[in-house]
Amino acid sequence: MIVLMQNEFVERDQCLIDIEDRANQFGDGVYEVIRIYDGECFLLDDHMKRLEYSLREAQIDYNLDQHHLKDLLLELAKKNGVHDGGIYLQISRGSATRSHPFPKEATPTVIAYPLNISRPLEAQKNGVKATLYQDIRWLRCDIKSLNLLGNIMAKQHALDVGAFEAIFYRDYNHVTEGSSTNVFIVKDGVIKTHPANNYILNGITRLYIQYLAEQLNIPFEETVLTVEEVKHADEVFISSTTSEVISVVEVDEQPIGNGQPGPIVTQLLDEFFNYHRITSLT
Ligand code: PMP
């Protein structure tokens, strides 16, 4: 595997990261997962914009040259022969003697490497189960931070109870998102999802679904959903770069609709690739 480290391409075993890189001790960094379809990065500009946002909000002093980084990522994909798959990109605040305050002199550490991602066709065909899980995370979920302990605990819980995804709620009146996905419902023909604020990550796929809904004349509403609204929705679905769109057919033993993927999620999935060559959503 060829890895991008700062501006250089190196073999994986040559990619040496200092033990005091702040990603290690503090999870002090941000990241992106970018999907590659047919050798092209899907919605790369939008990922770059979100990365810039995460860096700014986390006050990581990194002068992001989007054009340069985009070229490097495309070259990385090429060097690794990635035709269908993905890229993981991480920027930490850098390496310094362990101490909580931001270090004065640290150069952000940039790494990127290819990911094996394939389409979740089985899950898309049959739909998946989800379980509700209290949102134990912090209040800046809009930053795509490396701190994912709350997310991975939720995901493991989901798997432990035989579900595919955990759907977070802050209280019963406030469903936020999934452990690694955005959550949507359909009620009376309207797609509803949490507003893009500090409680959720504004998923690139979420933005793409908003765009698809506009193209397909499906009403799209950003609103806070309750647990009851989710459980009694006509359809529930989740989205992410790796999941694309997946129907949730059961939430904590409660079948959603008739327990099969519904018409709107099916339409979104059918149209997913008709529009995917759009280069930027924002
Ligand atoms: N929410 C969370 C918490 C996530 O981890 C992810 C995936 N990284 C998403 C939403 C979906 O984001 P995207 O569509 O950009 O993959």
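The values are calculated or read from the model by the stated rules, or taken from the named source; none is laboratory data. For clarity, every value in this text was computed on a predicted model and none was experimentally measured. As a convention, Cβ positions derive from the backbone with ideal geometry for all residues, glycine included, and neighbour counts pool all protein chains shown. Ligands, DNA and RNA are excluded from the accessible area calculation, which covers all protein heavy atoms including side chains. Shrake-Rupley method; radii C 1.70, N 1.55, O 1.52, S 1.80 Å.
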* **Arg93 vs. criteria under 30 Å from Phe164 (Cα atoms) and either free of Cβ contacts under 8 Å to residues at least 12 places away in the same chain or touching a strand residue (DSSP E or B) at 6+ places or on another chain (Cβ under 8 Å) (or both)** => no
* Taking the stated definitions as given, is Ala163 more than 14 Å from the ligand (Cβ to nearest atom), closer than 20 Å to Gly86 by Cβ and not basic (Lys, Arg)? -> no
* Asked: Does Ala106 satisfy being among the small types (Gly, Ala, Ser) and in contact with a Pro (Cβ under 8 Å, 6 or more places away or on another chain)?
  -> no
* Asked: Looking at (1) open to solvent by 50 Å² or more (accessible area, probe 1.4 Å); (2) farther than 29 Å from Phe273 by Cα, can you tell me which one Pro103 breaks?
  -> (1)
* **Selection status of Asn198, under 26 Å from Arg140 (Cβ atoms) and in a loop (DSSP other than H, G, I, E, B)** => yes
* Could you check segment 1-104 for strands (runs of 3 or more DSSP E) lying wholly inside it with 2 or more residues that are in contact with a His (Cβ under 7 Å, 6 or more places away or on another chain) and within 16 Å of the ligand (Cβ to nearest atom)? => 29-37
* Starting from segment 122-140, keep only residues that are under 20 Å from Thr226 (Cα atoms), then list their pairs with residues that are among the polar types (S, T, N, Q) whose Cβ atoms are within a distance under 6 Å, requiring at least 6 positions of separation or different chains. => Asp135/Thr176; Leu139/Asn198
* Which of the residues that make up segment 170-213 are away from the ligand (no atom under 14 Å from the Cβ) and either closer than 29 Å to Tyr275 by Cα or touching a residue at least 40 places away in the same chain (Cβ under 8 Å) (or both)? -> Tyr172, Asn173, His174, Ile185, Val186, Lys187, Asp188, Gly189, Val190, Ile191, Lys192, Ala213
